[in-house]
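Enquirer: Take a look at the following structure, please.
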Amino acid sequence: MIQPTTRTRSFAVSKGIIVHLIKSQAGSLGKALMESVMNGIDAGATRIDITLDRKGYTVQDNGHGFQTVTDIERYFEEFGFDHTTEEEAGRRQFGQFGLGRGQQWNWAHTLWRTRTFEMHVDIRASGLDYTLHEGLPDEPGTTITGTFYEAISTQEVLTHVKHLGELVKYSPVPVFVNGQDVTTHPDSVRTWTHTTDEAWIQAKEHGPLRVYNMGMFVVEIPPHRAGCSGTVVTKPGSALTLNMARNDILDNEDGLWRRLKKLLKDIGDERTRTSARVSESDLRRFTAQVAVYDADFTQYQKLRLFTDAAGKGLTITKLITSLRETGVLTLHSAEHATLSRRAVENRMATVLEPKTLERWHVETLGELVELLERYSSHAGRFGQYDGMRHAEVLAQVRVEPNLPHAVPELRGFFTLNATVKGYPKLILDGLREVSRDVQFAVWTYRGGRYGRSGPFREYSLKAGQSDVADVWTDGQQYLAVHEDRLSGAGTARDVELIILDTLTTLLPGRNSMTEVPDDSTAEDLMHVLRATPRLTEWTFQVIRHVAQEGLRQGVKVPHRLLQVLGQAERLDDQAQREPALN
């Protein structure tokens with residue numbers, strides 16, 4: 001009978017995981033080279049020089065280098081060596097995991113020259129085996145020469161140089177890239193807005209927060225998560241606790257970062273309270289605080305946290321007042337701009353710009369209303385009675401993100417505008433130049449096919465707005481073109497399409513606002529174009545009028561229209577010269 005036994009065993013790591021770590025950490029060449037900069041600083045370097053071209057790079061420092069084979073075995077050959085000993089902790093600012101040097105091996109095979117040693121690493125050819133040469137002439141410091149596995153372009157060189165400069169911008173020792181010092185010592189910066197014993201901080205109005213660990217870039221954090229926008233650089237000796245790839249901060253383990261986050265939040269809150277103009281970044285940061293019940297209710301009522309369809313900022317009080325009156329919340333749509341305006345003017349819906357959702361970090365209107373109702377109820381339980389009233393209104397709101405569905409009673413409208421101006425009026429007047437001929441072509445065709453019903457009568461051409469048609473007619477007195485089609489007619493094709501839509505609208509010979517064209521309209525259109533092949537002529541007649549009147553009135557005409565007109569005129573000139581030559 002086998003007797004039970006108990007043993008203690010250790011987990012092991014295969015070489016495959018090391019190769020995986022090398023490749024997975026190598027996010028960019030700049031970051032790989034930044035690791036060499038940090039290693040040089042940990043080795044006591046006072047200057048680091050980097051050259052970079054299409055074929056490879058060199059990194060040279062004047063630190064103490066690898067002085068013995070034991071150093072190479074402990075600090076070069078072994079990955080993940082123990083950095084927590086008293087000896088290691090005292091000699092390193094940046095090193096934590098003993099992995100960073102491997103990042104560049106994903107990009108290049110490398111030659112390391114340090115003191116009397118030389119190491120050659122090529123993981124593509126040799127895996128994790130490397131060549132060690134000993135007994136060479138003593139050279140101080142460390143020089144790494146990397147030869148890219150695949151040459152990079154000149155544009156990539158410039159991009160990597162710029163990126164590297166951003167990564168090591170606040171390095172505690174000078175870093176020269178292709179002969180140029182790309183570092184700025186934090187002590188020389190005059191734009192820090194706050195300085196503590198642990199960090200330099202520059203608070204800004206817009207953008208993310210860029211975090212540098214003792215001068216080396218770590219991560220960009222959205223302002224609503226960071227507390228404010230700008231830059232924070234921790235001072236030498238004040239190290240952040242980072243993940244293995246050194247591109248994020250371990251919030252739950254880092255007391256320094258918790259202290260900095262509290263300070264950054266206080267800075268952001270102060271900006272929001274005192275600034276005459278609150279930035280979008282400040283608003284996004286504040287809404288994130290609302291979502292976790294960490295926002296001041298007075299500020300919540302004061303700030304314009306919502307944007308309506310007209311682009312106007314609304315406070316929560318004004319939003320609630322509007323919702324109490326309309327009972328409907330919807331989103332603005334550029335496609336239905338006129339419907340949006342009419343819904344607001346008739347107080348039939350409260351219409352918000354979609355960017356309001358982005359500001360509140362939500363995907364839907366329903367999520368926004370739920371968040372607002374939850375925060376308002378929370379504030380009400382702590383004595384903010386306006387919050388309870390807000391929650392009551394929000395609970396009764398009908399949320400309909402689709403604008404036409406929100407106000408179905410306004411669908412199917414047609415309005416005329418007698419005051420169209422500027423470029424849209426140029427297009428409208430140009431269309432009026434050909435409108436009679438277009439209408440006569442339709443009248444002629446209909447008379448030949450269906451029999452004439454009275455004398456030709458020209459409809460007046462007008463501009464208007466509709467949510468269901470681009471061109472329409474009452475079948476009696478007028479023909480209308482949507483203002484958006486007029487303002488958007490920037491090419492010859494746009495003009496041609498308006499004329500085609502005009503023909504299509506006129507061919508049924510009835511009120512297009514109340515009656516739907518039958519299936520024969522498309523066939524009729526083809527017959528008209530064959531019988532009266534003047535579509536191109538009409539198009540250029542409109543463009544010519546627009547160009548001439550635009551020049552006379554000082555109204556800007558799209559370049560593409562003028563270009564097409566110039567080509568047509570050159571062809572006309574050529575056609576006129578040819579008979580004379582013959």
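Enquirer: If I filter the range 145-172 down to residues being within 27 Å of the chain's Cα centre (by Cα) and small (Gly, Ala, Ser), which single residue comes out as least open to solvent (accessible area, probe 1.4 Å)?
Expert: Residue satisfying both the conditions and the ranking: 165.
Enquirer: Given 93, 67, 3, 60, which one is in contact with a Gly (Cβ under 9 Å, 6 or more places away or on another chain) and modelled with pLDDT under 95?
Expert: Answer to the check: 93.
Enquirer: Assuming residue 498 fulfils every condition listed in (1) at pLDDT below 85; (2) within 24 Å of residue 534 (Cα to Cα); (3) under 37 Å from the mean Cα position of the chain (by Cα) apart from one, which condition is it?
Expert: Condition not satisfied by residue 498: (1).
Enquirer: Going by the conditions given, is residue 190 closer than 27 Å to residue 47 by Cα and touching an Asp or Glu at 6+ places or on another chain (Cβ under 6 Å)?
Expert: no
Enquirer: Another question, if that's okay. What pairs come out if I take residues in the range 510-539 that are on the phi < 0 side of the Ramachandran plot and outside the structural domain of residue 470 (by the TED database) and pair them with residues that are at pLDDT 85 or above and crowded, with 16+ Cβ neighbours inside 10 Å whose C-beta lies under 9 Å away, six or more apart or interchain?
Expert: Between residues of the range 510-539 that are on the phi < 0 side of the Ramachandran plot and outside the structural domain of residue 470 (by the TED database) and residues that are at pLDDT 85 or above and crowded, with 16+ Cβ neighbours inside 10 Å, there is no close pair.
Enquirer: Further question on the same structure: Take the range 12-27 and flag every residue that is buried (at least 16 other Cβ atoms within 10 Å of the Cβ) and either in a helix (DSSP H, G or I) or at pLDDT 70 or above (or both).
Expert: 18, 19, 21, 22, 25
Enquirer: Residues of the range 537-557 being of a type in the set (D, E, K, R) and either open to solvent by 80 Å² or more (accessible area, probe 1.4 Å) or not in a helix (DSSP H, G or I) (or both), which ones?
Expert: Those that are of a type in the set (D, E, K, R) and either open to solvent by 80 Å² or more (accessible area, probe 1.4 Å) or not in a helix (DSSP H, G or I) (or both): 537, 552, 556.
Enquirer: Related question: Hey, which of the helices (runs of 4 or more DSSP H) in the range 313-393, taking only ones fully inside, have at least 2 residues that are of a type in the set (A, V, I, L, M) and open to solvent by less than 50 Å² (accessible area, probe 1.4 Å)?
Expert: By residue number, 316-326, 337-345, 365-381.
Enquirer: Considering only the range 406-416, I want to know if a residue exists there that is under 30 Å from residue 550 (Cα atoms), of a type in the set (A, V, I, L, M, F, W, C) and either under 42 Å from the mean Cα position of the chain (by Cα) or not assigned by the TED database to the domain that holds residue 527 (or both).
Expert: Yes, the range 406-416 has at least one match.
Enquirer: Looking at 534, 560, which is the one that is open to solvent by 50 Å² or more (accessible area, probe 1.4 Å), more than 45 Å from the chain's Cα centre (by Cα) and within 22 Å of residue 486 (Cβ to Cβ)?
Expert: Only one candidate qualifies: 534.
Enquirer: Restricting to the range 449-473, name every residue that is free of Cβ contacts under 8 Å to residues at least 60 places away in the same chain and farther than 23 Å from residue 335 by Cβ.
Expert: 450, 451, 452, 453, 454, 455, 456, 457, 458, 459, 460, 461
Enquirer: Working only within the range 106-157, note down all residues that are in a loop (DSSP other than H, G, I, E, B), of a type in the set (Val, Ile, Thr) and farther than 15 Å from residue 53 by Cβ.
Expert: If the condition is that a residue be in a loop (DSSP other than H, G, I, E, B), of a type in the set (Val, Ile, Thr) and farther than 15 Å from residue 53 by Cβ, then 116 is the only one that fits.
Enquirer: Next question. Report whether or not residue 468 is open to solvent by 40 Å² or more (accessible area, probe 1.4 Å) and hydrophobic (A, V, I, L, M, F, W, C).
Expert: Taking the combined requirement at face value, the residue satisfies it.
Enquirer: I'm told residue 289 meets every condition in (1) over 28 Å from the mean Cα position of the chain (by Cα); (2) not in a loop (DSSP other than H, G, I, E, B) except one. Can you identify the failing condition by its number?
Expert: (1) is the only condition that residue 289 fails.
Enquirer: Let me ask something else. If we scan the range 180-189, do we find a residue that is in contact (Cβ under 8 Å) with a residue 40 or more places away in the chain and either assigned to a helix (DSSP H, G or I) or under 30 Å from residue 281 (Cβ atoms) (or both)?
Expert: yes
Enquirer: Checking residue 236 against (1) surrounded by 14 or more Cβ atoms within 10 Å (Cβ to Cβ); (2) part of a loop (DSSP other than H, G, I, E, B): exactly one of these is not met. Which one?
Expert: It is condition (1) that residue 236 fails.
Enquirer: Which of the residues that make up the range 480-529 are open to solvent by 50 Å² or more (accessible area, probe 1.4 Å), closer than 22 Å to residue 460 by Cβ and small (Gly, Ala, Ser)?
Expert: Matches in the range 480-529: 487 only.
The values are calculated or read from the model by the stated rules, or taken from the named source; none is laboratory data. Please read these numbers as outputs of a predicted model, since none were measured by experiment. FYI the Cβ positions are ideal-geometry reconstructions off the backbone, even for glycines, and counts take in every protein chain you see. Please note that ligands, DNA and RNA were not included when accessible areas were found on the heavy atoms of the full protein model with its side chains. Shrake-Rupley method; radii C 1.70, N 1.55, O 1.52, S 1.80 Å.
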